[in-house]
1. Can you tell me how many residues in the range A:175-188 are within 12 Å of another protein chain (Cβ to nearest Cβ) and either assigned to a helix (DSSP H, G or I) or in contact with a strand residue (DSSP E or B) (Cβ under 9 Å, 6 or more places away or on another chain) (or both)?
2. Among the residues of the range B:61-86, write down those that are modelled with pLDDT of 95 or more and either of a type in the set (Phe, Trp, Tyr) or touching a His at 6+ places or on another chain (Cβ under 6 Å) (or both).
3. Which members of the range B:1-34 meet the condition of being within 9 Å of chain A (Cβ to nearest Cβ) and assigned to a loop (DSSP other than H, G, I, E, B)?
4. Residue pairs, Cβ under 6 Å, 6 or more apart or interchain, first in the range A:1-18 and more than 7 Å from chain B (Cβ to nearest Cβ) and among the basic types (Lys, Arg), second buried (at least 16 other Cβ atoms within 10 Å of the Cβ) and assigned to a strand (DSSP E or B). List them.
5. Looking at the range A:145-155, can you tell me whether even one residue there is out of contact with any strand residue (DSSP E or B) (no Cβ under 7 Å at 6 or more places or on another chain) and of a type in the set (Asp, Glu)?
6. Identify, by number, the condition in (1) at pLDDT 95 or above; (2) touching a helix residue (DSSP H, G or I) at 6+ places or on another chain (Cβ under 8 Å); (3) not acidic (Asp, Glu) that B:LYS30 doesn't meet.
7. Please go through (1) within 30 Å of A:ILE59 (Cα to Cα); (2) without any contact (Cβ under 8 Å) to a residue 40 or more places away in the chain; (3) buried (at least 16 other Cβ atoms within 10 Å of the Cβ); (4) within 14 Å of chain B (Cβ to nearest Cβ) for A:SER195 and return the number of the only condition it doesn't satisfy.
8. Go through (1) surrounded by 15 or more Cβ atoms within 10 Å (Cβ to Cβ); (2) closer than 27 Å to A:ILE185 by Cβ; (3) not aliphatic (A, V, I, L, M) one by one and return the number of the condition B:LYS30 breaks.
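The values are calculated or read from the model by the stated rules, or taken from the named source; none is laboratory data. This is a predicted model, so every value here is computed, not measured. A quick note on method: Cβ atoms are made from the backbone with ideal geometry, for glycine too, and the neighbour counts reach across all protein chains shown.
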Amino acid sequence: MEIKVKKNVLGKNDRLAAEIRKYLSEKGIFAINLISSPGAGKTTILEETCARLKDKLGIAVVEGDITTTRDADRIARHGVPVHQIETQGACHLDARMLENALEHLDLDKVDLLIIENVGNLVCPATFDLGEDAKIVVLSVPEGDDKPAKYPGIFRRAKVLLLNKIDLLEISGFDKEKALRDLAEINPDITVFETSATKGTGMDEWCQWLADRVAEKKKK
Amino acid sequence: MHELSIAMSLMEIIEEECRKNQVKKVRKVKVVVGEMAGIVPDSLKFSFEVVSQDTVADGAELELEVRPVTALCQDCSEEFVVEEFRFRCPKCGSRNAKRLGGDELYIDYIETDD
């Protein structure tokens, strides 16, 4: 016997992500899903973003890590509400994990929800969390071939933060080449060149976020 | 290795369909995977072997049909296959292309012994 199924394997995740998207929209919250390799600087970017925006916007953070609460501790020091998801080995966050995490956060005064995914350029790209935008961080020492090698995430992202830009010269990163590849994969992506530790590009990035939050509020 | 989570979702759907149709043994599962779905076919096959053990689908063949990424040029209406995620129209060179297919990830059908 042949049973016609025609069912999306990720249907359950996608339905839940759609519910989260609707819920966040009703609350007027702009949500980003921050994705990169381990060590690209996601948490430092997040700290610097919180420091610049926390007096202007209500921010909440969900931290995804395989284990340890180190990243959440770093964010909590900035006085921003944060909930840690320890994935216990899973290489990505899914909508169910996010739904559980959101129950631990008071979202009434939140304008911007930042979800820091598990450090990984592959798996998180497949799982919709209900965010408004995927933000990919690529740090210069990782090499200029990353957009071409991991096109899935670079295609889906709205913004690229090209981080550790202060190391451009010593790392031999060919920026023109990386951006050329990127333009073929995703011509609509917005790029900010940043150095989270030196503060380069962070004001521009934060302004982009603040503008998106304002747009979302208007809707 | 998110293929393991994918294989588990796959197994959930298979078990649900088998209950509904009162099937006791699955012979084959056909899954359609787009090149942009971010799935490594061999890895999914291996994960499926692991999670299907001692279930209705124990020993079942997992057939994967890989679909290419396709796009429609918004300037000259050419429909084309996207190689290596390069969304550039081969006819007019425009980058203004809308993706049509390639992110599929669905169970097409299940073949059973019944």
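1. Here the count works out to 8.
2. B:PHE80 - this is the single residue of the range B:61-86 that is modelled with pLDDT of 95 or more and either of a type in the set (Phe, Trp, Tyr) or touching a His at 6+ places or on another chain (Cβ under 6 Å) (or both).
3. Answer for the range B:1-34, where residues must be within 9 Å of chain A (Cβ to nearest Cβ) and assigned to a loop (DSSP other than H, G, I, E, B): B:MET1, B:HIS2, B:VAL23.
4. That search, which allows pairs on different chains as well, returns nothing.
5. yes
6. (2)
7. (4)
8. The failed condition is (2).
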